[in-house]
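In what follows, a single structure is set out as structure tokens and then discussed.
Readers should treat all values here as calculations from the given coordinates under stated rules, not as data from a laboratory. Bear in mind the structure is a predicted one, so any value in this text is a computation, not a measurement. Note that we place each Cβ from the backbone using ideal geometry, even for glycine, and neighbour counts take in every protein chain shown.
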Amino acid sequence: MRVENRELELDGAVEVRTPGVVAGGALLAVAVVLTALNLRPAITGVGPMLAEMRADLGTSGVWAGVLTTLPTLCFAGAGLAAPLLARRAGIGAAIAIALGALAAGLLLRVVDGPAVVLGGTLVATAGIALINVLIPVVIKDSFPARIGVMTGVYTAALQGGGALGSAVTPQLGDAFGGWRPALGSWAVLAVVALLAWILAARGTGRAPRPADVAAGGRSLLRNRLAWIVTVFFGLQAFYAYAAMGWFPQVLMDAGVPRDDAGLLFGLVSLIAVPISLFIAPMAARARGGQGPWIVGLGVFGFAGTTGLMLAPSWSPLLWSILVGLGMSVFSLALTVIALRARTGADTARLSGMAQGFGYLFAALGPFLFGLLHDLAAGWTVPLAMLLGLLVVQVVFGALAGRRRFV
């Protein structure tokens, strides 16, 4: 039976379809989704169990601050190292190593005392950081005609995993008898993703091509567009991590009960799921680039933050929805990374640069927000800081969304 190859073009990229690609592509897509589900429960599951952990381990507030800051710092450090690992081991092996590190770290951090908890968290989040950088390369390289769709599916799974981590971990603690089995249970999901990834990489379809990332090449540190993308990514991450760390407390200080504040912020995370599934693919196909979509989501975030600053108790639900829409720009930040590079190698470099430097800047978000709150004895000044950053984010996002290449 005669099978014809088909070529599809997107932003100058050409995809050649060959026999077996459909099955291989589906298997790889499943592996990407399972991998994405693992990228947040290790972080979001800690918050609901933190009080129990501190009581059991007898730790201080400083220890808790280090534990909650480690993920962002790991995202920065390991993110900068990801392209080097991919060049040496190949992208498929690099992601398998990262999933193995994630599973090992999740188990390690529940077997002993405070220092081991920090060490296991370091290992687990380093694995997450590597995957954060390399998955956009897989999407660019293996699904060049479906970048928006796959980025949306990946981001939706990532956000859904984050919501599962915060919602399910306390239930696991009740079922299995404490924070140790509750947090350690997530290693099972990491092992399942690792097995799926190994099967996908061995398939005959769109398996990641190590040669594309392994090839040496230029540095992007002097590339103007690369820095625009990096600043945009860093600003949206700064806002997101400041919001995740402090917005529930802002709501509670405005008179919202604790449980309701938790539910409202859970809504903020869930809003990103449909946005990722529908907006990211449309933005990727937009002839005018992704800039208008980025600006639109930024306006929603600005409106929600303004509401929290000026009248937090007037409509907490409305402000939460608007903030959730603004934070959904994360899916477009990942889409921009994939679309602003022509090759898998450049995507790896741009992803490592944007996420490495971006998360390093974002690590300051919760700290500066809390510091300004203490200095000003209120939430107006830190929220005003976020409004100023949102304006800059919109400007850089509009520039990053233009159809150009690094």
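With +1 on the Cβ of every Lys and Arg and -1 on the Cβ of every Asp and Glu, and nothing else charged, how large is the dipole of the chain about its Cα centre, in debye rounded to the nearest 20? Write out the running numbers ahead of the final one.
On the way: 26 positive and 16 negative charges, 311 e Å.
Result for the chain is approximately 1500 debye, rounded to the nearest 20.
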| message | 7 Å from Cα along Cα→Cβ at both V188 and A51: what's the point-to-point distance in nm? | response | 2.7
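By average Cβ neighbour count within 10 Å, what is the ranking of 129-137, 371-379 from highest down?
Numbers: 129-137: 28.1, 371-379: 13.4.
The peptides rank, most packed first, as 129-137, 371-379.
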| task | Express in whole angstrom the spacing between the alpha-carbon centres of the stretch 322-336 and the stretch 101-126. | result | 30
| remark: Over the stretch 30-111, the quotient of the Cα radius of gyration and 2.2 N^0.38 Å is 1.27
| note | For the chain, the Kirkwood Rh over every pair of distinct alpha carbons, in Å, works out to 21.4
| Where Lys and Arg each count +1 and Asp and Glu each count -1, what net charge lies around G289 among other residues with Cβ under 9 Å from its Cβ? | +4
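When only Cα pairs under 8 Å and 6 or more residues apart are kept, what is the percent relative contact order across the stretch 260-405? Mind showing how you got there, number by number?
Numbers: 147 pairs, mean separation 52.3, N = 146.
Worked out over the stretch 260-405, it gives 36 percent.
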| request: Please report the Cα spread of the stretch 235-392 along all three principal axes, rounded to whole Å, starting with the longest. | output: 50, 29, 25
| said: How tilted is helix 291-310 with respect to the longest principal axis of the chain? Cα atoms for both, answer in degrees (0 to 90, nearest 10). | reply: 10
| Using the alpha-carbon atoms, what tilt in degrees (0 to 90, nearest 10) does helix 380-400 show relative to the longest principal axis of the chain? | 10
| task | Measure nothing fancy, just the Cα-based angle from helix 316-327's long axis to the longest principal axis of the chain, in degrees from 0 to 90, nearest 10. | result | 30
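Counting pairs of alpha carbon atoms under 8 Å apart in space and at least six apart in sequence, what relative contact order in percent does the chain give? Please list the in-between numbers first.
Numbers: 738 pairs, mean separation 102.0, N = 406.
Taking the mean separation of contacting Cα pairs over the length of the chain, I get 25 percent.
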| Per-peptide average of other Cβ atoms within 10 Å, ordering 172-179, 319-326, 142-149 highest first | 319-326, 142-149, 172-179
